[in-house]
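Below you'll find the structure, written out as structure tokens, and then a few comments.
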Amino acid sequence: MERACTQGAQLLVSIILARLLLPEAYGVLALITVFVNLATVVVETGFGSSVIQKKDITKQQINVIFTFNLLVAVVLCGALWVLAPMIASFYDNYEHTLLVQVIRIYSLILPLGSVTSIQTAVLYRDMAFKKLFVVHLLVTVISSTVGITMAYMGAGVWALVFQQLSAKAVTLLILLVAVKWKPWLNFRFRQAGSMFRFGGNILLNRLLNMLYHQVSSLVIGKKYTADTLAYYTKGNTFPSIIATNTDYALQKVMFSAYSKYQDDLEKVKNMVRKTICLSTFILSPLMFGMLACTENFIRVVLTDKWLPSTVYMQIFCLSFFLQPIGTTAAQAFNGIGKSNLTLKIGIATKVTGILLVIAAVPLGVIYIALAVLLTTVVSAVVYTIMNKRVLGYKIRQQLQDIGGNMLNALAMMVICFGVGFLCRNMAPIVALVLQVLAGAVWYIGVSIITKNKNITYVINKLQSLKKR
């Protein structure tokens with residue numbers, strides 16, 4: 001519910017901002033986030049995960065992790081302030097002064113995030129998801145209001161910057177009240193030695209993953225125009241919001257569960273199976289449906305100025321469909337304490353991906369997107385094999401768990417394409433509605449007829465939430 005409400009609101013805000021702002025504003029921010037996001041991974045991931053995974057943890061150890069995170073955040077924020085002119089000079093096709101200012105202001109997100117990441121980790125450890133739901137919903141409403149107001153007033157890229165900054169600031173203020181643990185400096189780093197080793201593996205893996213995802217923006221921003229980068233980024237944005245946050249809702253909960261039962265591999269394997277089944281059941285129709293409806297979706301939601309994003313959005317829909325295989329396995333491996341394994345897999349797959357993206361640069365931006373898709377396929381195959389070796393989750397079982405949902409979603413995609421073709425002379429909004437309705441009726445209908453266990457689970461879960 002938390003992910004559905006907050007990300008649904010953010011999706012709506014993203015649509016509003018895309019209609020108010022020019023593609024160039026998104027292009028400028030995409031250039032900046034290449035560097036800030038890398039720093040954010042260092043500050044907000046890895047060591048926070050060790051707070052969740054460790055069986056027994058003291059307040060002093062949490063304070064050590066918090067202190068370390070804050071020190072790193074301050075150092076990285078200062079580095080970005082100093083290096084901002086050099087980073088801006090790298091992009092000689094853009095306004096130098098604006099880039100410097102945006103980098104420096106946007107980097108303030110780092111110290112804010114260093115505090116909120118540990119506070120959030122404490123809530124995840126306690127599985128206090130209802131409290132997170134309320135906090136994130138409030139934050140989304142406030143930060144979205146800031147972003148939309150500034151965009152309406154003509155603030156351009158600054159509307160996007162302050163939307164993100166206000167989100168971190170408001171999150172910090174609310175969590176200071178909502179979380180029992182209060183930030184306190186503790187420089188006795190030896191107290192958290194094993195946590196640093198575990199968190200370090202996760203940090204390096206996620207840093208490499210972020211570098212891989214950002215390298216495409218880096219090379220596109222250098223070689224092509226801001227508009228081209230904006231179209232590529234926007235093509236990624238909507239599949240990413242839907243896929244990542246649908247998957248995220250399960251994975252964040254399951255990491256806590258995997259950690260709790262880390263000594264019972266059979267139970268972990270069964271949880272992994274259920275998670276992959278449910279993830280693909282929900283995500284398959286969303287991704288294949290969006291792929292079939294992309295053009296009408298863009299015309300209706302973003303307006304025709306974003307139509308060059310069509311092909312990128314379709315490619316990323318295929319890419320994100322495979323995401324649950326890797327994320328589920330990675331969370332399970334981390335939960336049972338094998339963060340070193342996820343690091344090794346990350347190095348192998350992401351280095352391959354970075355090389356593929358760089359090789360695709362001379363061919364064009366479409367080939368860069370295809371290189372990302374190919375890397376996702378390779379990653380899914382590797383994690384499928386490792387699921388068998390580590391958890392005893394046989395490849396045949398994995399294909400069975402995914403296959404039925406995928407085939408149903410593929411059939412739904414063909415129907416959506418057919419409806420779109422038949423309605424090509426209608427208004428885009430009418431065609432889009434008919435495509436969505438036809439796809440939903442088919443997918444849900446077939447799931448009911450074939451007695452898909454996932455739809456029964458979803459219905460039962462919704463009924464239990466309603467009773468609460």
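For the peptides 158-166, 422-430, 381-389, the ranking by mean Cβ contacts within 10 Å, running from highest to lowest, is 158-166, 381-389, 422-430. Full extension of the chain between PHE133 and ALA427 gives 102.1 nm of extra length, using 0.36 nm per residue less the Cα-Cα distance.
Simple spin-label estimate for LEU83 and MET406 gives 3.9 nm between the two label positions (7 Å along the Cα-to-Cβ direction from each Cα).
Taking 7 Å steps out from each Cα toward its Cβ at THR145 and GLU95 produces label points 2.9 nm apart. Phi-derived couplings, Karplus 6.51 cos²θ - 1.76 cosθ + 1.60 at θ = phi - 60°, listed residue by residue for region 294-311: 3, 5, 5, 4, 5, 4, 7, 8, 9, 6, 5, 5, 9, 4, x, 7, 3, 5 Hz, with x used for Gly and Pro. In this calculation the C-beta distance from TYR152 to VAL441 is compared with R0 = 30 Å, giving a FRET efficiency of 0.20. Put in line by how crowded their Cβ is, counting other Cβ atoms within 10 Å and starting with the fewest, ILE103, ILE15 read ILE15, ILE103. Going by neighbour counts of Cβ atoms within 10 Å, the residues GLU95, GLU295, GLU266 line up, fewest first, as GLU266, GLU95, GLU295. Sorting 271-278, 450-457 by their mean Cβ neighbour count within 10 Å, with the most densely packed peptide first, gives 271-278, 450-457. Gain on full extension, evaluated as 0.36 nm per residue between VAL74 and THR303 minus their Cα-Cα distance, stands at 78.4 nm. In order along region 262-276, the Karplus-derived 3J(HN,Hα) couplings, from 6.51 cos²θ - 1.76 cosθ + 1.60 at θ = phi - 60°, round to 5, 8, 10, 5, 5, 5, 4, 4, 5, 5, 4, 4, 5, 5, 5 Hz, and Gly and Pro are given as x. From the cross-link list LYS269/LYS350; LYS222/LYS344; LYS260/LYS451; LYS267/LYS338; LYS130/LYS274; LYS260/LYS461, which pairs have alpha carbons spaced over 28 Å apart? With Cα atoms farther than 28 Å apart: LYS222/LYS344; LYS260/LYS451. A cut-off under 10 angstrom between Cβ atoms defines the neighbours of ALA332, and their net charge, with Lys, Arg +1 and Asp, Glu -1, is +2. By the beta-carbon count within 10 Å of each Cβ, the least crowded to most crowded order of THR145, THR244, fewest first, is THR145, THR244.
We did not get these values from a lab; they are worked out from the coordinates using the rules stated. Bear in mind the structure is a predicted one, so any value in this text is a computation, not a measurement. Note that we place each Cβ from the backbone using ideal geometry, even for glycine, and neighbour counts take in every protein chain shown.
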